Amino acid sequence: MSHQPTGELATAKGTIGQVPAEQIEKVIRQLRDVLSARVVVDKHGAIQEIHALVSANRSPKQVVRDIESALLASHGIVVDHRKISVAQMQGALLRSLRNRLRIADVELTVNGTKAEATVHLQRGSETFIGQAAGQGSQSNQLRLIASATARAVEQACNMTDQIAVEDINPNVMVAGRQIVVAVVNMLSQYGEDILTGSALVRNDLNRAVVNAVLDALNRRTAALQDE
């Protein structure tokens, strides 16, 4: 049985429960001018650190107050402001990050010997959907998820049949942690690129596959969007 890392005990509707760290990160990422967020918890699920990357439009102190208020209002979580660190990003790096695609959702349906993967990606307020179907073995399911991710990226970049998944390896171990490695072939006006990406398997292998493909492609596709 797998366990998601959780945040500090929160009061919700009069009951005591635990909130997954990924849900806390999602709340923080929805705040104004927040570009990304990471929550670090201890083995008991208590929040130890919150890291937020933000644009230069708001002061770090205001962002810290926003995070405190949002977590209290959404999940009843009280966080010491000293556990929250905020970094600001400006210029070309900020434009590149804004152009990067993020995972919104991944769905996998298995019906007998067939499987279909659907991946939803987001860039700002836009959503892009990719699908792939084929043989339903466990190893091929991961390849279908990777291919669906590639289709969603192509949709976001106005491409057709320019990205191919060469390989997905979900069994790489580094420092005792499971890593997914993706190898992707991308054709563009500059020629053929073999790109690699990786992602830590935190709670969901399917999401890690999507993130590994995005890790391989995001820098290149963000650069294309800047051109």
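The values are calculated or read from the model by the stated rules, or taken from the named source; none is laboratory data. Just so it is clear, the structure is predicted and the values come from calculations on it, not from any experiment. For neighbour counting, all protein chains shown are included, and Cβ atoms are generated from backbone atoms with ideal geometry for every residue, glycine included.
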Unique residue being within 15 Å of the chain's Cα centre (by Cα), over 24 Å from Val39 (Cβ atoms) and aliphatic (A, V, I, L, M) when the list is Ala115, Ala146: Ala146
Extreme residue, farthest from Asn111 (Cα to Cα), among residues of region 127-163 that are in a strand (DSSP E or B) and polar (S, T, N, Q): Thr127
Glu192 crowded, with 18+ Cβ neighbours inside 10 Å, without any contact (Cβ under 8 Å) to a residue 40 or more places away in the chain and not β-branched (Val, Ile, Thr): no
Out of Glu116, Glu166, sole residue that is part of a strand (DSSP E or B), among the charged types (D, E, K, R) and surrounded by 15 or more Cβ atoms within 10 Å (Cβ to Cβ): Glu116
Options Ser69, Ser85; residue that is outside the structural domain of Asp193 (by TED's automatic domain parsing) and assigned to a strand (DSSP E or B): Ser85
